[in-house]
Amino acid sequence: MTNTETLPEKAVLLTPEVLEYVRGQLPPFTDVQQELIDSTLALGGVAEMQVPPEQGALLTLLARLTGARVAVEVGTFTGYSTLALAEGVGPDGKVITCDVTDRWQEIAAKAWTRAGVADQVESVFGPAAETLRKLPDEPFVDFAFIDADKVGYIGYWEALVPRIKPNGLIAADNVLYAGEAASPHAEGNARAIREFNEHVLRDDRVESVMLTVADGLTLARKKN
Ligand SMILES: C[S@@+](CC[C@H](N)C(=O)[O-])C[C@H]1O[C@@H](n2cnc3c(N)ncnc32)[C@H](O)[C@@H]1O
């Protein structure tokens, strides 16, 4: 392992002021994004599951940058990240998004329709492990985004890597788990994430980097 202790620290403490400044660098929300954020906030505590706007913008940018046409998302919730991916893959692209429940589908579908991307989105309901297993067993996915139950991450990864095209991208959310994943004593979801991170690091089918965006986002490129 590289000794990183002697390297200068380059991280910025993300105070509320710094975060507000970062978000001020994004384009203003579209009406649809604002309405989707508001209707998700109205759900109460579960709203924290929605990716923050800077992460949504990053997903769109990455999808555009990689020229992705087919995206697979694990964890739809109210559809904010799906919307970001759909914008990224463009009108000729497609996002297959899955969630164990359709509880929030009405909110999601309304936003996608209003944004004009509904035809690009295919929603599948049920445990993601089953949904992914039923996908074509060949590399057809350009971009995958994992953002669901943490204990399922390694299984989702293993289902997705063979289905990702060479040079395709997997993004996995919450890889810091509020910082808890950094502890060797991590338990529960934080331990599951820690094990996932070790799994990714050991996987020589990909090259990966962990970003300190939001709750931590790992980006992994499938090698040719
Ligand atoms: C963090 S939220 C996703 C947030 C979404 N990406 C967004 O930005 O709005 C996690 C989602 O994973 C779903 N989920 C949990 N366990 C699942 C499973 N076994 N299979 C599929 N989805 C699951 C939850 O229902 C929840 O909607």
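Values in this text are rule-based calculations from the coordinates and carry no lab data. Since this is a predicted model, take the numbers as computed values, not measurements. Reconstructed Cβ throughout: ideal geometry from the backbone, glycine too, with neighbour counts over all protein chains shown.
Brief remarks follow.
- Hits in region 87-106 - residues which are more than 24 Å from Ala129 (Cα to Cα) and surrounded by fewer than 20 Cβ atoms within 10 Å (Cβ to Cβ): Gly90, Pro91, Asp92
To keep it simple, each residue is scored yes or no on (1) within 12 Å of the ligand (Cβ to nearest atom); (2) in contact with a strand residue (DSSP E or B) (Cβ under 7 Å, 6 or more places away or on another chain); (3) over 19 Å from Ala178 (Cβ atoms); (4) among the hydrophobic types (A, V, I, L, M, F, W, C).
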| position | (1), (2), (3), (4) |
| --- | --- |
| Leu26 | no, no, yes, yes |
| Thr40 | yes, no, yes, no |
| Glu48 | yes, no, no, no |
| Gly56 | yes, no, yes, no |
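- Region 204-220, residues that are over 15 Å from the mean Cα position of the chain (by Cα) and either of a type in the set (Phe, Trp, Tyr) or part of a loop (DSSP other than H, G, I, E, B) (or both): Asp204, Arg205
- Within this structure, Gly155 fails the test of being more than 10 Å from the ligand (Cβ to nearest atom) and small (Gly, Ala, Ser).
- Region 139-173, residues that are under 11 Å from Glu73 (Cβ atoms) and in contact with an Asp or Glu (Cβ under 8 Å, 6 or more places away or on another chain): Ala144, Phe145, Ile146, Asp147, Ala148, Asp173
- Total residues in region 88-142, condition of a type in the set (Gly, Ala, Ser) and away from the ligand (no atom under 12 Å from the Cβ): 7
- Boolean, Ala148 is closer than 19 Å to Ala84 by Cβ, in contact (Cβ under 8 Å) with a residue 40 or more places away in the chain, among the aliphatic types (A, V, I, L, M) and touching a helix residue (DSSP H, G or I) at 6+ places or on another chain (Cβ under 8 Å): yes
- In region 64-74 there is no residue matching the filter, namely being without any contact (Cβ under 8 Å) to a residue 60 or more places away in the chain, more than 21 Å from Ala190 (Cα to Cα) and within 12 Å of the ligand (Cβ to nearest atom).
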